[in-house]
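Working notes for the structure below.
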Amino acid sequence: MDSVSKWRSSSILSIVAALFLIFSFSNQAKANEELDLTILHTNDIHATFDEYAKVSAYVKQQRAASDHFLYLDAGDAVSGNPVVDLNLGKPIYEVFNLAGVDAFTLGNHEFDFGQEAFSANAALSEFPWLAANMDVGETDVEQPKPYEIFDVDGLSVAIFAITQAPPATAPANTVGLDFDSNYAEVAKSYQSELEEQADVIVALTHIGFDYDRRLAEQVDYFDVIIGGHSHTTLNAPNVVNGTPIVQTGSNLNNVGKVTLTYDQSTDAVTNTSGSLVSVSSLTDIDEEVQAVIDGYNDDMEDLLGEVVGTSTNGLTRDGRFNGDAPLGNFWTDAMRDMSDTDISLTNNGGIRASIDAGDVTLGNIYQIEPFANEIMVYEMTGQAIKDVIEYSYSRDNRNEIDLQVSGMNYNILTGPTGSYQDATLTVNNEPINLDETYTVAVANYIGTGGSGYHFEGTVISETVGLMTEAMKNYALKLTAEGQTLDYSREGRIRLSVDPTAPLPGEIIGSTETGLFSSNKNKNDVGLGNLYTDSIRAKAGTDIGLLNGSSVTGEILPGPITDQQIESLDGFGNVIVSVEAPGSRIKEVILEQAKYRRGVDVQVSGLEYNLITDNGAVTDIEISLENGETFDLNATYTVAYNDYMHGANFYNLNSETIESDLGPVWTSVVDYITEQEAPINHEEGSRITIDGEGSGEDPTGSKSVADAIANNSGSAKVKGYIVGSIVNSSPIIGEGTHAPSNLLLADSPDETDRSKMLPVQLVNGTAVRNGLNLPSHPENLGKLITVTGSLEAYFSTPGMRAPTTFTFEVEEEPEVPEEPEAPICEFEAWDAASTYVAGDKIEYEGNFYEAQWWTQNQNPTDHSGNWEVWQKVSDCYEQPEGPQEWNEKTIYDTGDQVTVDGQVYEAKWWTQGQDPQDNSGTWEVWKKINDSEPEGPQEWDASAIYTTGDRALLDDKLYEAKWWTQGQSPKDNSGEWDVWKEITE
């Protein structure tokens, strides 16, 4: 080879080698241009202290494993655990320091202990407290920074913070502080300086999910919004206007993990992913943090463990939004006892937990009232008190009870849509005198203007003591008197509906058939069809979908008003539109139907039929509304609500077409307004089960016979007014009737008392005013529908506390059945008579049934589980729900009992076997959870699964083929194994 050829060959090889090196370095450089920033986040911990050592260990593990890492908290670290709160929050911030919190947004509860404690906690913290919309003015509080810039291993990250304005805390805690509620304008004012300094910009907020969504709509420069305050559990980022929003829920149930991929070449975040890690799934412990937790718990044990009383049924706050609650009654009685006032009031928002049955400790008292609220006393006129009651119900259009009460009863009268009409107040069973003055004890939170309250009157005392002290002393007083701390729902607060009140708002349309939701788990319903048609029209999509829980209520035949539609919206959901493959749409509808064993998703643009086997949903047939094939491989545009979009078991696509098309209810108003004809829908036209609609009354009304046979829960009952009960005796037809009750029957000619439903007419309510026979004798024989609580009344199946009624167009009465002998009217026991199994007798006011041959055996001395006489259970009022376990009682399969607040269910016949000692895989009792989360959950080795139950393990879905416990789906799934993997 000549020298030129050699030169040419070597030159070509050099060029090839250089190009190879350039290409390799180029690829490597491109790979190095992308950085992953990992952010762990928590919010609304509310002093959930005991589990924090696991969180700290997880944070430190993730920090060590990540090149670029931050741990942020979005506020409300305190108020919920007396160990933390009695130490004015200090313990939680100490463990925050040890865990390495990088930045913290102020929550409203950070102010609960006053400005001095606020400043001390901020000074204690080794991380910045941030809030861009707070101005400390002339106070001694140090001005928090609006943001903090972090150099995270070469990546510049801005943490910008906004807190609730004004903070929901006692007004005295924020005197002199100013908060800007125009969150978007505050954020925009910092945009240029943040973009100049940071590669990644994070909004760390404590304003709630709804306001986070609004912020994302108006401000587009945040790479992610990490939120708090609303306790919203977002299993995956909720993308609004291109901005991901995340939140973990509350009470340290979860830790959030967000990964943002930053491209250095484009100076942009190119991808965001996020998920939640259940704290209960964490196992490692940070021993240093655990030592701090144990130390504080040990220090507080003696104080918080002091027993102040005992409650056999517990003190629950449940039911507080529609009446008086047992805990509310105890609480306000304690306030009135300490203050020696005529009346006491406290708001529902201050009642933070319930107290379980058993010993009541100081720890329980501090847990239900963690805010150190004090009791102040006003002197007020009856009219001023009534004005406060009106405000409490109607504030912010909430239309729900907010004030628990002692020393006074009140009844809220509403219109058909729940809007306030009037209130009747009584003191000592007499109407309150609007001009007379009364002393009123109130929580100082509302007494000083919290939640917008205004008490018109004279302040008699700024404080008579702490709420907690009042409850402690009152509990000790009752205990010293030999009483237990047992309270019930006493009827101090009631809600009544005046069906004759005009519908509020502007008439926008009408319906001839009415639109109902009672059968929504069996087929499509009128209200569901209206709602899904409306959101689909608003979004302009192929399909509209709504989950069953968002379709609730009814619209009676007649005009429809805009406020009527608004009042039906209990959630404030907004419309979101997405693109989704047919396969995912099918999966969501089918999986929720399987989980709920019936219809869940209401639809527009689709029709579907659920296929069942032995009552279990197994498959689904879907078509488009025009009858064309629904293509599983096609992409459809879908409108649904933001709740569905944020829940992984409903979510169709994390990316949205439009993320805020306004509230669902406003789209319904717009849709009805545009219709020229009445809105009428035939149920079962879009959704069926095994090819058929339910065929049931769309109004959900029960017959009298059905109400008697199934006498529990709230229900509508349709029947004829045939009489009333006077001095325990039925008066049928014309006669002198009682104003306090009615008798309903399925036939206007009924004479058999056992086929009549006694209905309580509560004094002062619209139902009593409109139905009682002494005032309206013409009502006798009329057909009505009345809504109330089905429960024993006059020792027989009945209805109590009805809230609304309507007169119905009479139908042909049914032919009455042959009368049966009334129950519980038996011959008196005779010592000389011989009785055999099944004979029933009356003795000293009680009713007994013989179990075998007997003579001269006194029922009082020989009644019990193993005795010849047993009481006839049908003759006695049976309490609702599971009752306390009794070692002498016989239980059969399916019977439920409670022990120490835990519910157990018998798997087979048992007597005398304590559920706490005999519950497990092969034992007679099994534990029943209080509530079940939606959708399949992570497999739990300790849980019992039965046929059809589903569980997740390593992101795979499994279904149990028969009863199992402790058998891992991963190791026991196959043709003959207990678990099968679901791959559809």
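Just so it is clear, none of the values below were taken in a lab; they were calculated from the coordinates. Source: prediction; values computed, not measured. Positions of Cβ are backbone-derived with ideal geometry, glycine not excepted, and every protein chain shown enters the neighbour counts.
For the chain, the longest principal axis of the alpha carbon atoms and the long axis of helix 209-218 meet at an angle near 40°.
Rounded to whole Å, the principal axis extents of the Cα atoms in the range 115-257 read 39, 33, 28, largest first.
Cβ-to-Cβ counts within 10 Å put 737, 454, 776, 681 in ascending order as 454, 776, 681, 737, the fewest first.
Between residue 120 and residue 298, full extension at 0.36 nm per residue minus the direct alpha carbon distance yields a gain of 61.8 nm.
The simple Förster model, with R0 at 22 Å and r as the Cβ-Cβ distance, assigns residue 844 and residue 486 a FRET efficiency of 0.20.
Each peptide among 605-617, 436-448 gets the average number of other Cβ atoms lying within 10 Å of its residues, and from highest to lowest they stand as 436-448, 605-617.
If you plug the beta carbon distance of residue 900 and residue 268 into 1/(1 + (r/R0)^6) with R0 = 51 Å, you get a FRET efficiency near 0.35. Stretching the chain fully between residue 852 and residue 632 yields a gain of 72.6 nm (0.36 nm per residue, less the alpha carbon separation).
Helix 52-65 and the longest principal axis of the Cα set of the chain meet at an angle near 20°. Over the range 507-689, calculate the relative contact order: mean separation of alpha carbon pairs under 8 Å at least 6 apart, over the residue count, as a percent. With pairs under 8 Å counted, the relative contact order is 37 percent.
Give the shape of the range 701-807 as rounded, prolate or oblate, defined through the alpha-carbon gyration tensor: a ≥ b ≥ c are the square roots of its eigenvalues, a/c under 1.5 means rounded, and otherwise the shape is prolate if a/b is larger than b/c and oblate if not. Judged from the Cα gyration tensor, the range 701-807 comes out rounded (a/c under 1.5).
Residues in the range 585-599 carry Karplus couplings, in order, of 4, 4, 4, 4, 4, 5, 5, 5, 5, 5, 5, 9, 6, x, 6 Hz; the curve used is 6.51 cos²θ - 1.76 cosθ + 1.60 with θ = phi - 60°, and Gly or Pro positions show x.
P(r) tail for the range 33-294: Cα pairs beyond 35 Å make up 9% of the total.
Residue exposure proxy: 392, 189, 265, ordered by other Cβ atoms within 10 angstrom of their Cβ from fewest to most, comes out as 265, 189, 392. Taking square-rooted eigenvalues a ≥ b ≥ c of the alpha carbon gyration tensor, is the range 558-676 rounded, prolate or oblate, where a/c under 1.5 means rounded and, failing that, a/b exceeding b/c means prolate? Prolate is the answer for the range 558-676, as a/c is 1.5 or above and a/b outweighs b/c. Which whole-number percent gives the relative contact order of the range 33-294, counting Cα pairs below 8 Å spaced six or more residues apart? It comes to 24 percent, rounded to a whole number. Between the helical axis of 664-674 and the longest alpha-carbon principal axis of the chain there is an angle of about 80 degrees. Here is how the number arises for the chain: DSSP H runs of 4 or more residues each give -39500 (n - 2.57), the sum is divided by the residue count, and the result at 222 nm is -7000 deg cm²/dmol. Computed from phi, the 3J(HN,Hα) profile of the range 290-305 under the Karplus parametrisation 6.51, -1.76, 1.60 (θ = phi - 60°) reads 5, 5, 5, 4, 4, x, 5, 5, 5, 5, 9, 4, 5, 5, 6, x Hz, with x in place of Gly and Pro. Modelled this way, with points 7 Å down the Cα-to-C-beta line, the labels at residue 677 and residue 395 are 4.7 nm from one another. With neighbour counts taken as other beta-carbon atoms within 10 Å, the residues 212, 533, 914 rank, fewest first, as 914, 533, 212. Once you reduce the range 730-754 and the range 579-602 to the center of their Cα atoms, the two points are 48 Å from each other.
Normalised by the number of residues in the chain, the average gap of Cα pairs under 8 Å and 6 or more apart makes the relative contact order 7 percent.
Pairwise Cα distances in the range 195-345 exceed 24 Å for 61 percent of all pairs. Ranked by the mean number of other Cβ atoms within 10 Å of their residues, highest first, the peptides 525-531, 646-652 fall in the order 525-531, 646-652. Here the calculated FRET efficiency for residue 982 and residue 182, from their Cβ-Cβ distance with R0 = 35 Å, stands at 0.10, rounded to the nearest 0.05.
For residue 422 and residue 734, compute 0.36 nm times the residue count separating them, minus their Cα-Cα distance, and round to one decimal in nm.
Gain on extension, residue 422 to residue 734, equals 109.0 nm.
What pairs from 716/782; 716/907; 90/145; 257/956; 54/257; 90/188 go past 23 Å between their alpha carbons?
Details: 716/782 16 Å; 716/907 34 Å; 90/145 21 Å; 257/956 21 Å; 54/257 15 Å; 90/188 34 Å.
Over 23 Å Cα-Cα: 716/907; 90/188.
What is the chain by shape, rounded, prolate or oblate, if you read a ≥ b ≥ c off the alpha carbon gyration tensor as root eigenvalues and call it rounded for a/c under 1.5, prolate for a/b larger than b/c, and oblate otherwise? Verdict is prolate for the chain.
If one puts a single equal scatterer on every Cα of the range 279-430 and applies the Debye formula without solvent, what log₁₀ I(q)/I(0) results at q = 0.10, 0.13 Å⁻¹? With one equal scatterer per Cα and no solvent, log10 I(q)/I(0) is -0.49, -0.73.
Would you mind putting 748-756, 660-668, 826-834 in packing order, based on average other-beta-carbon counts within 10 Å, highest first?
In decreasing order of mean packing, 748-756, 660-668, 826-834 become 660-668, 748-756, 826-834.
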